[in-house]
Each structure stands twice: as structure tokens, then as C-alpha cells.
Amino acid sequence: MHEQVAAAALEGAAANVWLVPLLPFLAFLIISFLTRPWGRVSAAVSILALTGSLGVSAQVFWQRFTQDAPPMQVAVPWITLAPDHPLGTIELGLLVDNLSAMMLLMVCFVGLCIQIYSTAYIQTEIAHFPTQGSASMSRFFGWMSLFTFSMLGLVLSHNLLEIYIFWELVGLCSYLLIGFWYFKHSAAEAGKKAFVVTRFGDLGFLMGILMLGVALKGFDFLGLSQKFTQGIPEGLTAGFVALAAVLIFCGAIGKSAQFPLHVWLPDAMEGPTPVSALIHAATMVAAGVYLVARLFPVFHPAGHAGEAALLVAWIGGITAFLAATIAVVQNDIKRVLAYSTISQLGFMMAGLGVGAYTAGSFHLITHAFFKSLLFLGSGAVIVACHSNDLWRMGGLRRHMPFTWFAFLMGCLALAGVPPLAGFWSKDEILGYVYAAPGGMALFLVLTFSAFLTAFYVTRMYFLAFEGPYRGAEKAPADLAGPVPPLSLPAPFPTSQALDVAPEWTEEMATSSQEDLPAACRGAGMEHVPHGLHAPKEVSPWMWGPLLVLALFAVFLGFAGVPTGVGLGLPNFFEGFIHLSGEGHPHEFHWTPMLLSVVVALAGIALGAGLFAGNPERGERRLRSGLRLVWPFLQQKWYLDHLWARALAGTMYAGALTMAWIEANLVDRAVFGLAGSVRSWGDWLRSEHTGKVQHYALMLLLALVLLAVGIGMVEPGFFTSRQFVINLLEGGR
């Protein structure tokens, strides 16, 4: 068995940590088999289970925060290999350290806020679909509980093989929840797209796990971390480690929607808004960042960035910039936030790539709170306005005061306005990149991305909450609608490249419900226009969690104020989460902090200048200024089309080739053999005439053929003395 790192056994509050994932899993079983007919009962079961998980997580976090204790773990044998196998026994277990304790608390708290919010949201949405009922609400909360269980199991995983199991469970749950409205073709396609695209990354992840685990004769995280604290382990080369790390990072590229596998995340908006909040804030996309943070010593042996870490940093930088540019042109409020999530995940990856373990982890936590706030706020807006289109909103500040205040705090945090949470965590990443050797180019990319973030957040806020309420009647026809607009043709039809015929989507719903498939009738009601009547504030079950999350969006950043700012506050987060062997030492610099503030304010000023007074005129000025770049951004850099072309030229071309081989080679061989057998059968059937003399002739011929055959095999058989004796004895 491989050498284990010295770690304490689970004790104190940590001894009960197994309850944290178990309670949501039990809720999933109860909902699936007992309370399925009663949606509200299922919601109560799910919320109570997650509340219990939150209580245990809080106790574990407090234990880790107040005690300077080593990591704790427990493991039991899972797979026993051959006695002489170098891997010995593979284990399943639980690992509790400061990073996992922090993640447990975040996932449970944010997940609980989302589930409380969902009790009102999902009832409202289900009412729009006549084919859905109370059982649909149970299905929603059952899958949410399974999703939470999967993420909590991933956080507590003891080794790479165990985390891969929960990794795939998270992917399965995302598929189920993104396609929750299964009767909508767009939702079903989005779920399949998320599931398939992430498989590309997961294949590399599995290869990297096997490479690293077999080479080091162990898969457990503490053992791997110990082997890399002094540098590249003996017997391995830097190239081998870099390749294994890059393959493992492929999994993070898929789950955390990094370039070029980010294309699934915007389409995931087809799921219910609480699902979007959970995926984008606390669970699925956070898994990739958590994986890189968990394996930080592998990417940074002895605290020095390896080749794989540089790739992580630049993939993060490219992702942050690309997604920020696309978010500028979106009209769907949820898609703006989706591309914002991709961009912020790029910031986290860039930070971890340059060695900013503390800053990258801190931004993961702060982002979870203010991004879940923004998504839940967008859901409240959608429920009130019956539309996702920003141009069909406006003036919501006066009609939805609680939602407006919470959403504004989330916008300011995302834009990086001091002293809100997003400012401190994003500024720490920029500071690390600024101080990193050779990091100036990446720093400029991230800084410009931060400017774009402040700009598109301001655009989103003014279109939704300021000015008069537009609704469907006053929405400008040339500006509103899907992106890219129907008048902007793609370089080639994606459906044609994939040979997929378009089916019913919600956009095709008309006032004539008779034109819709039976299961979809009534779906058009989800976007019934309000007319000139202004929307109203949503249920307290929805805006209550928004205000709670807004408090964290405002004040959570003070837990990680960099040393040197002069506020007199200790950096609690750095002291708690600090990893031995973290990357290069980071000294506080005023230059990146001041530049970060200037960039954020400049983005807000530009956005306000264009959209505060006359948003329609501002949008036209923006499009005119960008000119040819605007349709390029609307087409999402044509990356979806490039993927479609790649699939059409590889996977589908291969499928067509195999279809030709099957039709012209395999089928012909099978049918030819079957035809030959049938011909022989026909001939043999014709020989059954019913005449005795015919059968006697056939027997004689058979005996002659048998004798000839035996004679050919054994020429002396018939002339041997023993044959003659046997023949004579048989004759008597």
C-alpha cells in the first residue's frame, strides 16, 4: 500500500461530517419513493435535510477555524488488487481540511438559500404548464437534493478516483436539471449539450488520474500533495507531470466552462433559474476550480509554477476576456449572467495558475454568494415581467424595491466596486498576476476584462431597473429579441452541419395553442406580456433569500482584506485557507488596486453614459461604434459553429463512414451468407422426394464419400490387417 500522509482521525465535530452528504441523499430517496405525489412535502424534506447538513458543516468549519489541527481523514478499503500489485488497496474515505470545510459551508448555505427561494419560484413556473403538477415539484427538489449530495461528496472525497465518481454524478444531475422542462426541445437539447461537451474534458481527466495515480502508486490527495512539496517526485520527469496535470485540468475545463469547452454553459439557462443559480454559483462550475485548488501542489511543485500551471493561467485569462466581450451584446438577462460566470471562472483559474491559491479560492467563495444573488434576482425579475429580455423590462426599481436593492448589491460586487466582496477577491487576483514574473501581459488581459465586466453589468442594470417600464409593447423591435437575431444568418446552419431538423421551441409558440404539441400546450403562457401594467414585487420567499445573500455580497470581502491596505483588519481568509508551499510570496501593491478601482469606475461611467438617459440611443451608438465587431460578438466568436463544423467533419463523418461500411460490407456479407445457406437448404429440400430407391442411392453415395474421405486422411486404413479382422468379426 502507498505511503500515507500523517493525518489525524476524524474527531470532534468532524466525526459527524459523513452526515453532510448523507442527509441530502436520504432526502432524494424519500422524495423519490415516498413523497413524490406531494410537492410541498418534498420541498420541506429537501430543505430540512439541507438545513441539517448546514448545521453539521458550520460545526466542522468552527472546529477548523478555532483549532490549528492537521487535516483529518478516514478511509476504508474499496478495491483490493493483486497481492503483488503496486497500488495494493484502493480506498474510499472522507477528507476534512480547511479547504473542504470552507467549501462545505458555502455549498450548504448557498444551496439552502436557493432551495428556500425555489419553493415559491417553482410553484409559479409549474402553474404555466398544464401538463405539470405537484409531482413535478417533487421531481425538482429530488434532483436538487441529489445534485447537492453529489457536490458535497465531491468536496469530501479522499482521493482522485473517488472524486471522479462524484464528478460524473454532478454531470448527470446537471443534465437532469438543465433539461427539467423535458417537453421543451430547447431545454432537452441544452441538457444533452452540457452532458456531451463535458465528456470531452472528463475523458482527459480520467487519463490524467490514471497516469498520475499509477506512477505515484496512490490516488489520495494528502499523499499526492506530500510527494510534490519538495518538487518533482523521484522517478518522474517534469514533462510527465505536466502532461498528467494538463489532462486533469481538461476535466476542469469542461466542468468550469473554460475555453474552448465553455459553449455548454450559456445554453444551460434553459433550466429553471434556481438550477442556474446552483450550477453557476455553488456546485458544478465550482467543481473545476476546487479540483485545481485541491491539486495545487501538482500544478506548483515546491511552490513554483510548472508548465501546466502556466497553461491554466492563460486559459483562464483567455476565457475571462472572451466571455466578457460576448456578455456585452446579450439581451437575455440570464445569458448576461452566464457569460459573466464564465468570465469570473477565468479569473479564478488565472489566479490559481500564477500561484494565487488564497486569492483564487477567495474569489470562488465570494463569487458563489454574489452570483447566486444575481441569478436568483434575475429569476424574480423574470417571474414579475414574464420575459428574459432586458428590453422588455425597465423601471423595476420602483416596482420591486427589495429585489432592486439586492440585485444592485450583486451588480456592484460583480463590477468590483470597493468595498464589496467582489472587489477584494478580484483585486487580490490582479495583485498576484501583477507581481508574478512575466505576468504583465496576463494582467492587462484581466484588467481589460474587469473593465468590460463593469460595463456590461451597468448596461444590464439600467436596462432592467431604471427608466420607464417598457414591456412587450414598448420594446424596440430592432434591439430586442434573441442574440444573434434571426436577421443575422450564421456562416452555415448548425442544424444542417449536424443533420438535425429543428423541432418545437418556446420561441415558436404562438397565440394559437392548437399549433403546439399536446405536451407543450400552455407553454407560451410563461411569457404572457403584461401590457402596460407594471410588474409587482415577488413573494417574500423569493426576495428574503436575496437580502440574506446581499449581506454577504457586501460584507464577506472584509474577511480577506489584503495585509497592507491599512484598514487594521487581519486577513482572516488567508490565515484560514493558507496552503503550505503556496506559490510565490505576494507583497501588497497599491498600483493594481488603484487601477482596479479606476477600471471598474470607468466601466460603470461608460455604461451609465450610454444607458442611463436614453438606452435605445445608447445601444445604437454602441453598435455603431463596434460596427463589424458587433455581429462577431453576437455570433459568440463563431465558436459554436466551429464546434458544429468540427463535429460534422469528424464524429458525423465517421458515423457516415461506418454506416456505409455496415450497409455495403457487413450487411452484404451477412445477407450473402444467409442467401447461401438458404440456397443449400432449397437444394437439400428438393432431394427429399419420398422414394426409397432415391434414399438408398443417397446412402450409398454418402458411404462412398465417407470412405474416400477416410482414405484421404489415413490411406492405409482400409488395407490394414486390423480392419480386415474387425470386418470379419462384425460379419459373424
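The values are calculated or read from the model by the stated rules, or taken from the named source; none is laboratory data. Predicted model only: the values in this text are computed from it and were never measured. Cβ atoms come from the backbone with ideal geometry, glycine included; neighbour counts cover every protein chain shown. Keep in mind that these areas ignore ligands, DNA and RNA; they rest on the heavy atoms of the full protein, side chains included. Shrake-Rupley method; radii C 1.70, N 1.55, O 1.52, S 1.80 Å.
Remarks
- Exclusive hit being over 19 Å from Trp264 (Cα atoms) and either out of contact with any Lys or Arg (no Cβ under 6 Å at 6 or more places or on another chain) or among the hydroxyl-bearing types (Ser, Thr, Tyr) (or both), set Leu172, Leu210: Leu210
- Which numbered condition Phe129 misses (of (1) surrounded by fewer than 24 Cβ atoms within 10 Å (Cβ to Cβ); (2) touching an Asp or Glu at 6+ places or on another chain (Cβ under 6 Å); (3) not small (Gly, Ala, Ser)): (2)
- Residue in region 322-341 that is open to solvent by 10 Å² or more (accessible area, probe 1.4 Å), touching a Pro at 6+ places or on another chain (Cβ under 7 Å) and within 28 Å of Tyr117 (Cβ to Cβ) present: yes
- Taken as a whole, region 284-300 holds no residue that is in a loop (DSSP other than H, G, I, E, B) and at pLDDT below 90.
- The set of residues in region 210-230 that are crowded, with 22+ Cβ neighbours inside 10 Å and not in a helix (DSSP H, G or I) comprises Gly218, Phe219, Asp220.
- Being open to solvent by 80 Å² or more (accessible area, probe 1.4 Å), within 30 Å of the chain's Cα centre (by Cα) and outside the structural domain of Pro468 (by TED's automatic domain parsing) is a property that Leu647 lacks.
- Only a single criterion out of (1) open to solvent by 40 Å² or more (accessible area, probe 1.4 Å); (2) over 22 Å from Leu310 (Cβ atoms) is not satisfied by Met207, namely (2).
- The lone exception for Gly544 - which of (1) open to solvent by 30 Å² or more (accessible area, probe 1.4 Å); (2) assigned to a helix (DSSP H, G or I) it fails: (1)
- Residues (in a helix (DSSP H, G or I) and aromatic (Phe, Trp, Tyr)) located in region 83-136: Phe109, Tyr117, Tyr121
- Residue check, Leu390 over 21 Å from Phe573 (Cα atoms), touching a residue at least 24 places away in the same chain (Cβ under 8 Å) and open to solvent by less than 20 Å² (accessible area, probe 1.4 Å): yes
- Unique match (being open to solvent by 80 Å² or more (accessible area, probe 1.4 Å) and out of contact with any strand residue (DSSP E or B) (no Cβ under 8 Å at 6 or more places or on another chain)) among His688, His694: His688
- Taking the criterion of being of a type in the set (Val, Ile, Thr) and either open to solvent by less than 30 Å² (accessible area, probe 1.4 Å) or modelled with pLDDT of 85 or more (or both), the residues of region 54-88 that qualify are Val56, Val60, Thr66, Val74, Val76.
- Leu22 vs. criteria closer than 21 Å to Val107 by Cα, open to solvent by 60 Å² or more (accessible area, probe 1.4 Å), assigned to a helix (DSSP H, G or I) and of a type outside the set (Val, Ile, Thr): no
- Within this structure, Glu662 fails the test of being in a helix (DSSP H, G or I), open to solvent by less than 70 Å² (accessible area, probe 1.4 Å) and among the charged types (D, E, K, R).
- Selection count where residues are under 16 Å from the mean Cα position of the chain (by Cα) and open to solvent by 30 Å² or more (accessible area, probe 1.4 Å), scope region 174-187: 2
- The residues on offer are Val417, Val433, Val381, Val457, and the sole one that is touching a Leu at 6+ places or on another chain (Cβ under 9 Å) and assigned to a loop (DSSP other than H, G, I, E, B) is Val417.
- Single residue of region 34-53 satisfying the filter (among the β-branched types (Val, Ile, Thr) and open to solvent by 60 Å² or more (accessible area, probe 1.4 Å)) that is farthest from Ile122 (Cα to Cα): Thr51
- Residue identified as in contact with a helix residue (DSSP H, G or I) (Cβ under 6 Å, 6 or more places away or on another chain), within 22 Å of Asp640 (Cα to Cα) and among the aliphatic types (A, V, I, L, M) among Ala338, Ala309: Ala338
- Residue in region 353-369 that is in contact (Cβ under 8 Å) with a residue 12 or more places away in the chain, within 30 Å of Pro485 (Cα to Cα), of a type outside the set (S, T, N, Q) and not in a helix (DSSP H, G or I) present: no
- Restricting Leu95, Leu50, Leu99, Leu81 to residues that are of a type in the set (A, V, I, L, M, F, W, C), in contact (Cβ under 8 Å) with a residue 24 or more places away in the chain and in contact with a Gly (Cβ under 9 Å, 6 or more places away or on another chain) narrows the list to Leu50.
- Lone unmet requirement of (1) under 32 Å from the mean Cα position of the chain (by Cα); (2) open to solvent by less than 90 Å² (accessible area, probe 1.4 Å); (3) of a type in the set (A, V, I, L, M); (4) at pLDDT 85 or above for Ala674: (1)
- Some residue of region 467-477 being surrounded by fewer than 24 Cβ atoms within 10 Å (Cβ to Cβ), among the aliphatic types (A, V, I, L, M) and either touching a Gly at 6+ places or on another chain (Cβ under 8 Å) or closer than 23 Å to Met542 by Cβ (or both): yes
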